[in-house]
Structures are given as structure tokens and as C-alpha cells.
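Participant: Handing you a structure now.
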Amino acid sequence: MNIEQVNDEKKGFFKALENDKEAGMMTYVWAGPGKIIIDHTEVNPEFSGKGVGKALVLEAVRYARENKVKILPLCPFAKSVFDKNADLQDVLF
């Protein structure tokens, strides 16, 4: 699975692709300098149960750590991933 990021000054998304098919997407908005709010995660039903959503959240965490960005997970799915993984707490605001 390949995850691509598209980012602009106000919003962006992470998109998971497998064999040229969109497996899932997670969107976010910028909440000022160095802060993003994850507002939606969606997985294609064909890829349900394959860890696509979690992979998208983990890619956002990797991006946040590399770029000194903090995350607020408003999306219920993303929030549940953060709640279940204590090792991700360092990127929360």
C-alpha cells in the first residue's frame, strides 16, 4: 500500500492506494502554524478490516514528527487510534 499526501496552506489529505485503487482517505485542516486537525477518515468498503485507516493515521503522525506539527484528532476514528496507542501522544495538542 502506498500513501500519498496532498497539502496546501489551509487543508490537505492523505490517500492510501493499492494497485492504483483508492483504499482510503483522511482529511485535515490547518489550525494555525504547526497544527492540524484531522476531521475525517474514510476507507473504501473493499478494503475494510485491512488496517488502511490506521495506516493513514500513522502516516499523519510520521509527517507531524518530521515537520514539528501537532495534531488534534476530531475524527472519531483517528481519535480512537490515538486513544489506543500511548506512543502517539507526543504529537497531540
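The values are calculated or read from the model by the stated rules, or taken from the named source; none is laboratory data. Keep in mind it's a predicted model, so treat the numbers as computed, not measured. Every residue, glycine as well, gets a Cβ built from its backbone with ideal geometry; the counts of neighbours run over all protein chains shown. Please note that ligands, DNA and RNA were not included when accessible areas were found on the heavy atoms of the full protein model with its side chains. Shrake-Rupley method; radii C 1.70, N 1.55, O 1.52, S 1.80 Å.
Rundown of residues vs (1) more than 17 Å from residue 90 (Cα to Cα); (2) open to solvent by 80 Å² or more (accessible area, probe 1.4 Å); (3) at pLDDT below 95, yes/no style:
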{"position": "15", "(1), (2), (3)": "yes, no, no"}
{"position": "22", "(1), (2), (3)": "yes, yes, no"}
{"position": "29", "(1), (2), (3)": "yes, no, no"}
{"position": "46", "(1), (2), (3)": "yes, yes, no"}
{"position": "49", "(1), (2), (3)": "yes, yes, no"}
{"position": "59", "(1), (2), (3)": "no, no, no"}
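Participant: Search segment 1-13 for residues being in contact (Cβ under 8 Å) with a residue 40 or more places away in the chain and within 13 Å of the chain's Cα centre (by Cα), and hand back the single one that is surrounded by the most Cβ atoms within 10 Å (Cβ to Cβ).
Facilitator: The selected residue is 3.
Participant: Restricting to segment 1-27, what's the tally of residues that are touching a helix residue (DSSP H, G or I) at 6+ places or on another chain (Cβ under 7 Å) and under 17 Å from residue 63 (Cβ atoms)?
Facilitator: 7
Participant: Then there is this: Of the numbered conditions (1) out of contact with any Pro (no Cβ under 6 Å at 6 or more places or on another chain); (2) closer than 19 Å to residue 88 by Cβ; (3) open to solvent by less than 80 Å² (accessible area, probe 1.4 Å), residue 38 fails exactly one; give the number of that condition.
Facilitator: (1)
Participant: Applying the selection to segment 37-85, what residues are outside any helix (DSSP H, G or I), charged (D, E, K, R) and closer than 13 Å to residue 14 by Cβ?
Facilitator: 39, 42, listed by residue number.
Participant: A further question follows. Pairs, please: C-beta under 9 Å, at least 6 apart or cross-chain, first residue open to solvent by 30 Å² or more (accessible area, probe 1.4 Å) and in segment 72-93, second acidic (Asp, Glu) and at pLDDT 95 or above?
Facilitator: 74/39; 77/42
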